[in-house]
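Peer 1: Questions regarding the structure given below will be posed in turn.
Bear in mind these aren't lab numbers, they're just calculated from the coordinates by the rules spelled out. Owing to the predicted nature of the structure, the values given are computational and were not obtained by experimental measurement. Neighbour counts are summed over all protein chains in view; Cβ atoms, including those assigned to glycine, are modelled from backbone coordinates with ideal geometry.
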Amino acid sequence: DAGVTQSPTHLIKTRGQQVTLRCSPKSGHDTVSWYQQALGQGPQFIFQYYEEEERQRGNFPDRFSGHQFPNYSSELNVNALLLGDSALYLCASSRTDSSTDTQYFGPGTRLTVL
Amino acid sequence: AQSVTQLGSHVSVSEGALVLLRCNYSSSVPPYLFWYVQYPNQGLQLLLKYTSAATLVKGINGFEAEFKKSETSFHLTKPSAHMSDAAEYFCAVSEGDSGGYQKVTFGTGTKLQVIP
């Protein structure tokens, strides 16, 4: 049973560019959450997708957007990249009907903005 | 609003010694609580979780944590540290019913160093 997978593993962009990160949830999971983890910090919640809709959003600007596909996979898009967007981006999946509310994390995508 | 405070950004222990990583939470409803471990350049791995069942929760790799409502704490312990335990540990809290929104709030992390 494959766990949560993310692609690419590493990415280098320049300021002003746009980036798309991808996530495939764990088998049986229907909910995907995205987190940004800056160096030396804990993960910060960006948003969560369920049934192809954004269900909740953290304190991130509109430059951060996402999408969830019918197969539950998800994309995170960041427009007009800033140096401060450099971070590890983590995807987590879960089951909305789960009684334990547990999120399982992927290995992350390391984004470097130059 | 939920929050998590991890006391001590760095903790050093000798190999074989007790590991104690502290976590206090704030939540307006009965919370779900988690400990995750992160090895360098990797994602987060779930160590254990509290979901309102037994207050003493046993996890993987010999770790356990005790939920103390009166102290709003969920400290992580391991009787005997191993070199492979060196990593960063995150405490996290999740509010809300299991059928709805699942925002997880993380602490700032504690880096555990194990000294040979």
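Peer 1: Could you order peptides A:103-111, B:70-78 by the average number of other Cβ atoms within 10 Å of their residues, highest first?
Peer 2: Going by the mean number of other Cβ atoms within 10 Å, highest first, we get A:103-111, B:70-78.
Peer 1: Please report the relative contact order for chain A, taking Cα pairs under 8 Å with a sequence separation of at least 6, and give it as a percent rounded to a whole number.
Peer 2: Here the relative contact order equals 36 percent.
Peer 1: Right, here's the next one. For a protection proxy built on the mean count of beta-carbon atoms within 10 angstrom, sort A:47-56, A:82-91 highest first, please.
Peer 2: Listed from highest to lowest mean packing, they are A:82-91, A:47-56.
Peer 1: Next question, about the same structure. Starting from the Cα of B:Lys69, step 7 Å along the direction of its Cβ; do the same at A:Thr9; then give the gap between the two resulting points in nm.
Peer 2: So the label points at B:Lys69 and A:Thr9 sit 4.5 nm apart.
Peer 1: OK, next. What's the long-distance tail for the protein assembly as shown, i.e. % of Cα pairs beyond 21 Å?
Peer 2: Of all Cα-Cα distances in the protein assembly as shown, 55 percent exceed 21 Å.
Peer 1: Work out the mean other chain Cβ neighbour count within 10 Å for the residues of A:35-42 and drop it here as an integer.
Peer 2: 4
Peer 1: Could you grab the relative contact order for chain B? Cα pairs under 8 Å, six or more apart, rounded to a whole percent.
Peer 2: Value for chain B: 37 percent.
Peer 1: How big is chain A by Rg and Dmax over its Cα atoms, in Å?
Peer 2: Computed over the Cα atoms of chain A, radius of gyration and Dmax are 13.4, 43 Å.
Peer 1: Quick one: grab the alpha carbon gyration tensor of chain B, order the square roots of its eigenvalues as a ≥ b ≥ c, and give me rounded if a/c is under 1.5, else prolate or oblate depending on whether a/b is larger than b/c.
Peer 2: It comes out prolate by the Cα gyration axes.
Peer 1: Other chains near B:48-59: what is the mean number of their Cβ atoms within 10 Å of each residue's Cβ?
Peer 2: Partner Cβ neighbours, averaged per residue: 1.
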